[in-house]
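A short write-up of the structure that comes next.
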Amino acid sequence: MAFEGLSERLQKVFSTLRGKGKLSEDDVRKVMREVRMALLEADVNFDVVKGFVKQVRERALGAEVMDSLSPSQQVIKIVDDELTKLMGEEAVPLNKAPHIPTIIMMVGLQGAGKTTTAGKLAKYLINNDKARPMFIAGDVYRPAAIEQLKTVAQQVGAPVYEEGTDKDPVEIVKNGLAQAAENKNDYVIIDTAGRLEIDDKLMDELARIKELAHPNEILFVADSMTGQVAAKVAHGFDEQLDITGVVLTKLDGDTRGGAALSIRSVTGKPIKFIGQGEKLDQLDVFHPDRMANRILGMGDMLTLIEKAQTDYDEKQAKDMAEKIRENSFDFNDFIDQMDQIQKMGPMDELMKMIPGMANNPAMANVNIGEKDIDHLKAIVYSMTPKEREDPDLLNPSRRRRIAGGSGQSVQEVNRMIKQFKQSRDMMKQMSKGNMSGMEQMMGG
Ligand code: GDP
């Protein structure tokens with residue numbers, strides 16, 4: 001998981017403070033030395049670390065901590081604040097043109113995730129802004145790039161303007177924009193060529209596209225796995241193109257934190273989105289405060305709730321609430337819910353967004369995968385329609401039949417039915433506004 005090492009390191013450092021009634025200057029200095037090491041090991045840019053540590057140390061030695069009754073909490077809060085600041089304070093929305101189309105130009109090195117992110121962004125705009133985006137295929141050096149963009153475009157249901165690989169990309173962009181104007185597309189996403197490293201020819205081409213298209217956004221796509229190098233490359237692109245924002249990709253990998261924590265400081269440009277997987281819906285708005293919380297192992301409940309809201313159809317949610325009130329929640333609804341949960345993304349990633357779970361040692365052994373959910377579903381699918389509607393029908397002989405049909409043990413089937421009944425009862429209690437059900441769920 002992203003930031004795992006850094007997160008563990010920082011929590012260990014802070015645990016040495018816990019229980020201390022008062023902190024001495026020496027305690028603070030010691031902790032800050034450790035924080036500094038942790039950041040450097042996470043591949044954060046040296047100057048950024050230096051500035052950060054200085055800032056935190058000054059505040060930690062100030063009255064707000066030294067006079068506080070729980071100094072360790074105060075220190076953690078300061079680190080949390082300063083990490084947030086380092087990554088930009090607030091989420092910064094995409095620029096939007098006063099008249100259509102809003103033009104977004106994707107730039108970055110090869111393999112950073114430009115084309116994938118172009119597709120994710122289109123999907124995001126379609127879902128959140130009912131947009132009608134069009135892509136322009138501006139990477140004329142690799143025929144495979146155009147094919148890849150076409151595949152992605154087909155998946156999100158948006159057209160691609162392309163003229164193969166023989167023309168000047170500036171010309172293609174010009175013709176593409178004319179096409180978009182004709183079709184009244186409200187967003188145009190220009191995919192551009194990348195290189196393995198920054199070179200003058202590439203920069204010159206990008207500058208010419210910029211000059212022609214006047215994009216509202218120039219998004220630098222940065223591979224977070226490359227650590228602080230990403231920040232350096234971003235700086236290079238920014239100097240030439242004056243980028244408007246950054247998308248940080250591959251945050252689902254075991255990236256250490258160097259890119260996320262350096263890039264804002266080094267370029268002064270906001271990180272607007274983060275990519276957290278290869279699938280086209282795995283793009284999230286970047287919230288510096290939530291990311292800081294995540295780094296400090298405090299979870300990311302807000303993103304979790306938002307995910308639930310966007311993924312969970314409103315009408316479905318209403319229907320479900322109705323069913324719970326009437327106590328008619330059955331195994332068919334259970335399957336619907338499992339489908340919803342699976343759509344939200346990998347279970348263990350979701351679990352880690354719950355405060356205290358990310359670095360909870362118990363999580364190390366938890367591996368709730370698609371497989372477990374598939375097992376539960378297999379059990380339900382082995383029931384007859386009547387049994388799905390009326391769980392009370394499930395006597396021992398029916399349970400044995402279901403076990404055989406689903407390839408699970410009878411114990412497994414029993415456990416699942418018991419859990420189902422428990423959660424149904426709990427939901428019923430919660431729907432009556434009785435929070436003890438919730439407390440049972442949280443407290444065990
Ligand atoms: P481009 O050369 O910059 O256009 O990069 P691509 O869009 O072709 O992406 C390069 C590789 O990175 C592909 O295999 C993508 O699937 C993968 N990729 C892009 N974004 C993400 C992400 O957020 N997470 C993961 N795990 N992989 C990603």
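Prolate is the label for the stretch 123-201, because a/c, from the alpha-carbon gyration tensor with a ≥ b ≥ c as root eigenvalues, is 1.5 or above and a/b exceeds b/c. Along the stretch 158-175 the Karplus relation, 6.51 cos²θ - 1.76 cosθ + 1.60 evaluated at θ = phi - 60°, assigns HN-Hα couplings of 10, x, 10, 9, 9, 10, x, 10, 9, 9, 5, x, 5, 4, 4, 4, 4, 5 Hz to successive residues, with x for each Gly and Pro.
Rounded if a/c is under 1.5, else prolate if a/b beats b/c, else oblate: with a ≥ b ≥ c from the C-alpha gyration tensor eigenvalues square-rooted, which is the stretch 167-311? Verdict is oblate for the stretch 167-311.
Couplings 3J(HN,Hα) of the stretch 142-148, computed from phi: 10, x, 5, 5, 5, 4, 4 Hz, in residue order, whole Hz [Karplus 6.51 cos²θ - 1.76 cosθ + 1.60, θ = phi - 60°; x for Gly and Pro]. One chain, two ends: Lys174 and Arg415. Fully extended at 0.36 nm per residue, the span grows by 80.5 nm beyond their Cα-Cα distance.
Maximal additional length on extending the Asp392-Asn128 stretch stands at 90.8 nm, based on 0.36 nm per residue less the C-alpha distance. Residues whose amide H comes within less than 5 Å of that of Thr102, counting only those at least five positions distant or on another chain, are Ala97, Tyr187, Val188 (H built at 1.01 Å from N in the peptide plane). Label-to-label distance, Asp166 versus His99, with points set 7 angstrom from Cα along the beta-carbon direction: 3.5 nm. Around the amide H of Ile136, modelled in the peptide plane, lie the amide H atoms of Tyr161, Ile189, Ile190, Asp191, all under 5 Å away and 5 or more residues distant in sequence or on another chain. Once the Cα-Cα distance is subtracted from the 0.36 nm per residue extended length, the Asp254 to Glu182 segment shows a gain of 21.5 nm. For the stretch 88-102, backbone phi angles converted through the Karplus equation (6.51, -1.76, 1.60; θ = phi - 60°) give residue-by-residue couplings of x, 6, 10, 5, 10, x, 5, 5, 10, 6, x, 10, 6, x, 7 Hz, Gly and Pro being listed as x.
Between Gln73 and Tyr381, the FRET efficiency estimated from the beta carbon spacing at R0 = 56 angstrom works out to 0.70. Each label was represented as a point 7 Å from its Cα along the Cα-to-Cβ direction; for Asp242 and Glu89 these points are 2.2 nm apart.
Each reported figure results from applying straightforward, stated rules to the coordinates on display, with no laboratory input. Since the model is a prediction, treat every value here as computed from it, not as a measurement. Every residue, glycine as well, gets a Cβ built from its backbone with ideal geometry; the counts of neighbours run over all protein chains shown.
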